[in-house]
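One structure is given below, encoded as structure tokens.
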Amino acid sequence: MKKTACKQKEKKNRLLTLLLLLLAVVCIFGPLYMTVVIALKSPQEMSHVLALPRHIQWSNFAKAWDMTDYPRKFANTLFITLVNLIFTVFTNAMASYAIARNRKKSRFFNFLYYYFISAMFIPFNVLMLPLVNEANKFHIDNVLGITFLYIVFGMPMNTFLYTGYIKSIPEALDEAAVIDGATPFQTFVRIMFPVLKPMTATVAILSVMWTWNDFLMPLVLLSDKKQQTLQLAQYIFQGQFNTQYNLAFASYLLVLLPVLVFYVLCQKWIISGVVTGAVKQ
């Protein structure tokens, strides 16, 4: 009887797993299918959204490329993403190392940890208007300024991830480095930073995807069209009385493709880094 009941439960679990898998496939690939199909259609075929195009319009991508000034906007977005990535990985890892190793010894570092973490619970909408005013006063409403702001706003989450990972690393490594005569900076650069590779990959990937896909911060800060990012360029397809959906969706694919390729190549690092840092030892 017990074996029969176990087999029935296994069948139910398999069926439920299959249904959830199908639902996930529909939710993930449904919008992607719609985006590709619309991007390849002519305006006359937009009445049937889900139908395949009768004649593939590859020219939609060329028109979207020209209308959005894709090379300039791509360069702006890439610059912001790469500079943010370089400074975020090194500075946040260093700050997290200092906090993680001194939280139990110093009230200041313990306060600093909770100070950074508390910023995670403040919605960006609350900071939006004061941020715009301050950005105008200090003249950081440009590509360089918004890059600095991405580094600052990403620090709370990155500090949380790094400190959780550093806790699992034995302090004996630090003590051995001190015995060998290494300074705290040398200990971090030569010993700790290489050990942090899984979490560094996780932080890097999440930082790249957030910066590349972000729309709200560039919207409120970047008023100069020459300094706008790819996300803001999508506004050009929306007119007062109509929207060029086929060109808009072609542009969406051009924006999505680089970060999609990047994520597919690096997704294993996200899972490994988060899981390793989540287990307390």
*Could you grab the relative contact order for the chain? Cα pairs under 8 Å, six or more apart, rounded to a whole percent.*
30 percent
_Could you give the length gained by full extension between E10 and V26, i.e. 0.36 nm per residue of separation minus their alpha carbon distance, to one decimal place?_
3.3 nm
*So what's the net charge close to T187: Lys and Arg +1, Asp and Glu -1, counting the other residues with Cβ under 13 Å from its Cβ?*
-2
_Of all accessible heavy-atom area on the chain, the percent that carbon and sulfur account for (1.4 Å)_ = 69 percent
_Positive-end residue of P258, T159, T81, charge dipole of the chain with Cβ unit charges_ = T159
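How many Å² of accessible area per residue for the chain, probe 1.4 Å?
64 Å²
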*With only Lys, Arg, Asp and Glu charged, each at its Cβ (+1 for the first two, -1 for the last two), find how big the charge dipole of the chain is about the Cα centre; round to the nearest 20 debye.*
1340 debye
_Amide proton proximity set for Q244, modelled H, under 5 Å, gap of 5+_ = G239
*P(r) of the chain over all Cα-Cα pairs, binned every 5 Å from zero, in whole percent*: 1, 5, 9, 11, 13, 12, 12, 10, 9, 7, 5, 3, 2, 1, 0, 0
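The values are calculated or read from the model by the stated rules, or taken from the named source; none is laboratory data. All values reported here derive from a predicted model rather than from experimental measurement. Backbone-built Cβ (ideal geometry, glycine too); neighbour counts: all protein chains shown. Quick note on the areas: whole protein, heavy atoms, side chains included, nothing else; ligands and nucleic acids left out. Shrake-Rupley method; radii C 1.70, N 1.55, O 1.52, S 1.80 Å.
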